[in-house]
1. Can you tell me what share of the DSSP beta bridges in the chain is antiparallel? A percent to the nearest 5 is fine.
2. I want the local charge near Lys128. Using Cβ-Cβ distances under 14 Å, sum +1 for each Lys or Arg and -1 for each Asp or Glu among the other residues.
3. How would Cys95, Cys123 line up from fewest to most surrounding beta-carbon atoms within 10 angstrom?
4. Go ahead and estimate [θ] at 222 nm for the chain from helices alone: -39,500 (n - 2.57) per DSSP H run with n ≥ 4, summed, over the residue count, rounded to 500.
5. Based on the alpha-carbon gyration tensor of the stretch 80-180 and its eigenvalue square roots a ≥ b ≥ c, which shape applies: rounded if a/c is under 1.5, prolate if not and a/b is larger than b/c, or oblate?
6. With +1 on each Lys and Arg Cβ and -1 on each Asp and Glu Cβ, how big is the dipole of the chain about its Cα centre, in debye rounded to the nearest 20?
7. Taking 45 Å as R0, compute the FRET efficiency from the Cβ-Cβ separation of Leu32 and Arg201 and round it to 0.05.
8. I want to check the label-to-label distance for Glu52 and Ala216. Put each point 7 Å from Cα in the C-beta direction and report it in nm to one decimal.
Amino acid sequence: MFFTPQDRLFVLTGAGSSAESGLATFRGSGGLWNGHSVEQVATPEAWEADPELVWRFYSMRRRDALAAEPNAAHLALAQIECDLTGADPENFYLCTQNVDDLHERGGSQRVHHMHGSLFQSRCVRCNKPFTDQSFYETAAALPTCATCGSPVRPHIVWFGEIPLDMEGIYRELNRATALLVVGTSGSVYPAAGLVDVANRRGIRTVYVGPEEPLNARSFDEILLGTATAVLPTLA
Ligand SMILES: [Zn+2]
């Protein structure tokens, strides 16, 4: 086994693992949707300017995510979690930048969506996220809060907003014995920050990706290849 039940593993996943299931993530530079830049559909300013456009974008992404299936990388991470958590369910923590639910549908249990969840919405005033698989594609269909009547927005961390539960993320990393980074650039935020913390603590660091990251020397091990090719070999 690549990781053992003595390990407490922190995993960070990014766009690469969803892309292999055919889902675009739109976070990269140059991401376009129907000719709109991400700034026009995924920022607080976009929401203020045109909530209908924002909801059409996220409704489309809900449709795409519902039609997608977990891939071999998602399944392998669920298997690794199963193998490590016999004694303690907290021996595995999966922090993902992806907003789809493919990790959950692949069988992962302990998943934190640092950039929010496609299938949750929240009232802009009450701020309490709730499960929501609906599509809102016309001005008349825009959702409002049953409690206070305020607009309901996607429970997504937009550009310029703070990732969810950074405190919990660092708490988990500070208890981990190994960090595995998959499907995201190792040399930019947030992976670069996490690997710095991991190196200060002296824990094992592993990078999985099709190309060497710029900060390859920050990792103990570099496993070159796509997430679906490499992760099944670790499970
Ligand atoms: Zn409300």
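1. Here the share of antiparallel DSSP bridges comes out near 30 percent.
2. +2
3. Cys123, Cys95
4. Helix contribution divided over all residues of the chain: -9000 deg cm²/dmol.
5. Verdict is prolate for the stretch 80-180.
6. 320 debye
7. The formula returns an efficiency of 0.70 here.
8. A separation of 5.1 nm, rounded to one decimal place.
Every read-out reported here was derived from the displayed coordinates using simple, explicitly stated rules and does not represent laboratory data. Everything numeric here is computed off the predicted structure, so don't read it as measured data. When we count neighbours, we look across all protein chains shown, and the Cβ atoms used for this are built from the backbone with ideal geometry, even at glycine.
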